[in-house]
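Trainee: Below: one structure in structure tokens.
The values are calculated or read from the model by the stated rules, or taken from the named source; none is laboratory data. These numbers were taken from a predicted model, which means no experiment stands behind them. Using ideal geometry, Cβ is built from the backbone for each residue, glycine included, and neighbour counts are taken over all protein chains shown.
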Amino acid sequence: MPADLVFLGIGELFTGQPGGFLKEAGIAFAEGRVVWLGPSDEAPSARRTLDARGSIGLPGLVDCHTHACFAGSRAAEFERRLAGATYTEILDAGGGILSTVRAVRRASLAALRRTLEARLREMLDLGVTTVEVKSGYGLEPEAEEKMLRAMHAQRTPVEVVPTFLGAHAIPAEYRDRRADYVDQVIREQLPRCAPLARHVDVYCDRGAFTLEEARAVLEAGIRLGLKPRAHAEQVAWTGIAAVAAALGATSVDHLERLDAAGVSALARHGTVAVLLPSAMLYLHDPPPPVKDLRRAGVPMAVATDFNPGSSPMRDLWTAATLACLAMGLTVEEALLGITRHAGRALGRSDLGWLGEGSAADLVLVAPPPGEPAEARVLVQYMGGHRAAWVVKGGHIVAGREAGGRRAGRRRLPAVG
Ligand SMILES: [Zn+2]
């Protein structure tokens with residue numbers, strides 16, 4: 001039986017495995033699965049064969065940590081921070097996350113969905129086929145549920161992995177009653193939101209939730225079937241990374257202040273370390289202990305942390321380059337960080353690699369003019385690599401060669 005779709009002549013195909021760089025490769029899809037991958041001249045026959053000569057292929061990229069569902073603008077806050085105000089000072093004055101909370105509470109579900117879709121389409125054009133999106137700008141049962149419903153209602157080809165983050169900040173009205181807010185998260189928000197989410201996340205830090213509060217929220221989420229994750233050791237060390245790892249967290253994220261015991265805990269439990277270099281730069285934080293994580297064999301993922309305050313940056317390619325420049329990752333670690341290890345951070349063994357049993361998600365990119373068709377140049381050059389083709393679930397869904405958003409309507413040049 002012929003395949004549905006074959007790409008031939010891919011200059012270099014990165015399979016999402018260490019050392020997995022194939023030259024002059026081809027890949028075939030049928031019924032939403034990868035059915036063949038190998039040297040171009042051994043490709044099976046297919047109903048549709050596309051000439052991808054000179055392109056670079058990678059598994060569909062996975063952005064495993066974003067806050068892409070939000071309303072309002074925080075441009076003024078950016079200027080305040082440049083003038084010297086700290087993130088925690090702005091939060092204490094009712095700005096930061098709390099200003100986004102006011103905007104999200106006011107926004108309709110339809111408005112939240114529309115801006116989320118516009119952002120996801122931009123990410124898809126760069127080859128990002130799976131995006132984790134967190135709630136956490138509602139901070140009350142109804143608004144948290146509204147955010148998660150907007151994620152489910154979005155109609156782009158991007159797969160959204162929804163995460164419940166009711167413990168993102170203490171809302172203004174609970175400022176002097178934080179125990180009551182934690183109680184509301186556990187007794188009201190979680191039961192209402194758990195059916196709409198895959199993960200439960202917490203922001204455990206100075207100015208946010210304490211270790212004991214964070215543990216209680218994670219345990220309550222786990223009881224409702226959610227997989228735990230945590231914003232960990234970012235502004236101040238709290239010990240949450242080791243606690244979350246012991247609770248079975250698929251990932252702990254940020255980690256600028258991770259200690260040696262935390263590194264060992266991640267290694268022992270197979271927890272992914274998610275590195276967020278853009279947030280680190282926007283907040284002037286020191287780099288996480290990448291050498292220690294590498295030595296301990298902890299898988300490292302890289303994500304945008306796209307949000308309107310500490311990381312207004314939605315280009316996962318740029319995050320990969322910044323992870324090398326500002327944190328010391330190798331190019332191959334950065335490539336694994338936005339593919340296979342990002343899939344693992346979401347507890348998804350099918351995402352971020354290509355082969356039998358993988359998701360049928362592929363991105364094909366032309367190298368910058370004059371450069372060879374090698375995956376490493378996409379990390380060397382910072383950001384903005386618009387895809388020629390994006391395949392999700394075995395179907396072409398975006399890309400310049402596919403006619404952008406009009407994917408599928410225009411006839412493509414065929415060979416073979
Ligand atoms: Zn975050």
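Trainee: Inspect all residues belonging to region 178-190 and state whether any of them is assigned to a loop (DSSP other than H, G, I, E, B) and not charged (D, E, K, R). Break it down into steps so the answer makes sense when it comes.
Mentor: So in region 178-190, the residues assigned to a loop (DSSP other than H, G, I, E, B) come out as none.
No: region 178-190 contains no residue that is assigned to a loop (DSSP other than H, G, I, E, B) and not charged (D, E, K, R).
Trainee: Going by the conditions given, is Leu281 surrounded by fewer than 19 Cβ atoms within 10 Å (Cβ to Cβ), within 16 Å of the ligand (Cβ to nearest atom) and either within 21 Å of the chain's Cα centre (by Cα) or touching a residue at least 60 places away in the same chain (Cβ under 8 Å) (or both)?
Mentor: Details: surrounded by fewer than 19 Cβ atoms within 10 Å (Cβ to Cβ): yes; within 16 Å of the ligand (Cβ to nearest atom): yes; either within 21 Å of the chain's Cα centre (by Cα) or touching a residue at least 60 places away in the same chain (Cβ under 8 Å) (or both): yes.
Yes: the conditions hold for Leu281.
Trainee: Confirm whether Leu112 is in contact with a helix residue (DSSP H, G or I) (Cβ under 8 Å, 6 or more places away or on another chain) and either buried (at least 20 other Cβ atoms within 10 Å of the Cβ) or under 30 Å from Glu333 (Cα atoms) (or both).
Mentor: Details: in contact with a helix residue (DSSP H, G or I) (Cβ under 8 Å, 6 or more places away or on another chain): yes; either buried (at least 20 other Cβ atoms within 10 Å of the Cβ) or under 30 Å from Glu333 (Cα atoms) (or both): yes.
Yes, satisfied.
Trainee: While we're here: Could you check, for region 320-331, whether at least one of its residues is touching a Cys at 6+ places or on another chain (Cβ under 8 Å), buried (at least 23 other Cβ atoms within 10 Å of the Cβ) and within 19 Å of Gly352 (Cα to Cα)? If you could, list the steps in order and put the result at the bottom.
Mentor: Filtering region 320-331 for residues touching a Cys at 6+ places or on another chain (Cβ under 8 Å) gives 330-331.
When the remaining residues are screened for being buried (at least 23 other Cβ atoms within 10 Å of the Cβ), the result is none.
No, because not a single residue in region 320-331 is touching a Cys at 6+ places or on another chain (Cβ under 8 Å), buried (at least 23 other Cβ atoms within 10 Å of the Cβ) and within 19 Å of Gly352 (Cα to Cα).
Trainee: On to the next question. In region 234-276, what count of residues is obtained for those that are crowded, with 22+ Cβ neighbours inside 10 Å and within 13 Å of the ligand (Cβ to nearest atom)?
Mentor: Qualifying residue count for the region: 9.
Trainee: Now, a different point. Can you find, within region 199-217, the residue that is modelled with the lowest pLDDT among those that are in a loop (DSSP other than H, G, I, E, B) and within 16 Å of the ligand (Cβ to nearest atom)? If you could, list the steps in order and put the result at the bottom.
Mentor: Initial filter on region 199-217 (in a loop (DSSP other than H, G, I, E, B)): 205-208, 210.
Still in the running and within 16 Å of the ligand (Cβ to nearest atom): 205-208.
Working: Asp205: 94, Arg206: 91, Gly207: 87, Ala208: 93.
Per the stated criteria, the residue is Gly207.
Trainee: Across region 284-312, what is the total count of residues that are within 12 Å of the ligand (Cβ to nearest atom) and either within 13 Å of the chain's Cα centre (by Cα) or part of a strand (DSSP E or B) (or both)? Please lay out each step first, then the result.
Mentor: Step one: of region 284-312, the residues within 12 Å of the ligand (Cβ to nearest atom) are 303-311.
Applying the additional criterion that residues be either within 13 Å of the chain's Cα centre (by Cα) or part of a strand (DSSP E or B) (or both) yields 303-307, 311.
Of the residues in that region, 6 qualify.
Trainee: Can you spot a residue in region 156-172 that is more than 24 Å from Thr238 (Cβ to Cβ), buried (at least 24 other Cβ atoms within 10 Å of the Cβ), within 25 Å of the chain's Cα centre (by Cα) and away from the ligand (no atom under 16 Å from the Cβ)?
Mentor: Yes, region 156-172 has at least one match.
Trainee: Shifting gears a bit: Got at least one residue in region 5-27 being within 16 Å of the ligand (Cβ to nearest atom), among the basic types (Lys, Arg) and either surrounded by fewer than 19 Cβ atoms within 10 Å (Cβ to Cβ) or part of a loop (DSSP other than H, G, I, E, B) (or both)? So that I can check it myself, show each step before the final result.
Mentor: At the first step, the residues of region 5-27 found to be within 16 Å of the ligand (Cβ to nearest atom) are none.
No, because not a single residue in region 5-27 is within 16 Å of the ligand (Cβ to nearest atom), among the basic types (Lys, Arg) and either surrounded by fewer than 19 Cβ atoms within 10 Å (Cβ to Cβ) or part of a loop (DSSP other than H, G, I, E, B) (or both).
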